[in-house]
Amino acid sequence: MNPYHLFKYVPLSVLQVVARFAAWIILLFPNLSITRTININLDLIFPALSEQQRKSLVKRIVRHQCLTSIESIKSWAMPPQWSIDQIVEVHNKEVLLEGLANPKGMLALVPHLGTWEMMNAWLNQFGAPTIMYKPVDNKLTNDFILEGRARLNATLVPTDSSGVKAIFTTLKQGGFSIVLPDHVPDPSGGVVVPFYGIKTLTSTLASKLASKTKCALVGLSCIRRSDGRGFDIYCYKFDDPNLYSRDIDTATHVLNQAIEKMIEPHFSHYTWNYRRFKRVPGLSNPYKASKDDLAAFIRNRSVFDRDKKSDL
């Protein structure tokens, strides 16, 4: 038996206690990869943070990341209805329903925000989406994830040209697909546009699909409630005409701005240990850069004025 199946028998509340304890352990070792990546990301986008603000924010981010990881494993181990039952409230559901009714299809844009795996079962109630899936290196983990997702209505396609073609066909037929719009692509699959004020390589997949199909674009996130009892789903209507621009730089930049607006109210729920900025002009990979080079880049880049609506 795959050892991950043991998660099926442990209550979610107990797993969440374990996750919070794991976060406490991680925070004792600031040089771990997870905390180092979070700190570099915060240095890049919020260089003016005080030390106290930074420590408080890192603490919340690590805690949410540990919770998201263990909740995702639990959702894969359980029947789909279990995940559906964890959803307490859906905000702006009419936006999703309108998108699903679009005869040109709907593209659900799900960034690395909150416990998106918990939302998959709920979203699959509305049809059979086409979703790209990249196998993970560990066979036990990969088999476990595939088994969990096989219980859903989704059609899994590879992260290559055949997968893109399958998504395009689904949209042309009026169906819907789910894309992570903020993953770091290969250089051939992206353009360099700002994200949180940092010019970085950004995937063009969603923007190209939108331009070619004129499908509805709906942002979705699944956020843990502040009392820890269940999750809320948030639906965002992406209707800026520039999202459909044939100028791929314009479309991708506007999409990044829309994703930022999704992140802002739930900033610490974003997966900031994800190396989103690993291809930055003038710095290359900040996660491998020397401290001096990173400090010089942050010091010399233009000041990015933005409305701080996040939960800093």
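Structural remarks
- In segment 98-109, the condition of being without any contact (Cβ under 8 Å) to a residue 60 or more places away in the chain, more than 18 Å from the chain's Cα centre (by Cα) and more than 19 Å from Leu209 (Cα to Cα) is met by no residue.
- Candidates Lys278, Lys237 - the one that is in a loop (DSSP other than H, G, I, E, B), open to solvent by 20 Å² or more (accessible area, probe 1.4 Å) and of a type outside the set (Val, Ile, Thr): Lys278
- Of the helices (runs of 4 or more DSSP H) that lie entirely inside segment 1-112, those containing 1 or more residues that are open to solvent by 40 Å² or more (accessible area, probe 1.4 Å) and within 25 Å of Leu123 (Cβ to Cβ) span 12-27, 51-77, 80-85, 93-100.
- Filter pass, Ser226 being open to solvent by 70 Å² or more (accessible area, probe 1.4 Å), modelled with pLDDT under 95 and on the phi > 0 side of the Ramachandran plot: no
- Hey, Val218 more than 26 Å from Leu42 (Cβ to Cβ) and among the aliphatic types (A, V, I, L, M) or not: yes
- Residues satisfying the stated conditions in segment 99-121, i.e. in contact with a Cys (Cβ under 7 Å, 6 or more places away or on another chain), of a type outside the set (S, T, N, Q) and under 15 Å from Ile223 (Cβ atoms): Gly114, Trp116, Met118, Met119
- Taking every residue in segment 145-163 that is within 15 Å of Met119 (Cβ to Cβ) and hydroxyl-bearing (Ser, Thr, Tyr) and pairing it with any residue that is open to solvent by 20 Å² or more (accessible area, probe 1.4 Å) and in a loop (DSSP other than H, G, I, E, B), at least 6 positions away or on another chain, yields no pair with a Cβ-Cβ distance below 8 Å.
- Boolean, Ile167 is open to solvent by less than 60 Å² (accessible area, probe 1.4 Å) and over 15 Å from Gly105 (Cβ atoms): no
- Residue check for Asn242: of a type in the set (S, T, N, Q) and at pLDDT below 95: no
- Residue satisfying all of: in segment 240-258; free of Cβ contacts under 8 Å to residues at least 24 places away in the same chain and either assigned to a helix (DSSP H, G or I) or closer than 17 Å to Phe46 by Cβ (or both); least open to solvent (accessible area, probe 1.4 Å) among these: Val254
- From Lys261, Lys288, Lys214, Lys208, residue being modelled with pLDDT under 95 and open to solvent by 30 Å² or more (accessible area, probe 1.4 Å): Lys288
- Taken together, the residues in segment 170-188 that are open to solvent by 30 Å² or more (accessible area, probe 1.4 Å), under 19 Å from the mean Cα position of the chain (by Cα) and in contact (Cβ under 8 Å) with a residue 12 or more places away in the chain amount to 2.
The values are calculated or read from the model by the stated rules, or taken from the named source; none is laboratory data. Note that this is a predicted model, so its numbers are computed, not measured. In this analysis, Cβ positions are derived from the backbone assuming ideal geometry, glycine residues included, and neighbour counts consider all displayed protein chains. The area values use the complete protein model at the heavy-atom level, side chains included, leaving out ligands, DNA and RNA. Shrake-Rupley method; radii C 1.70, N 1.55, O 1.52, S 1.80 Å.
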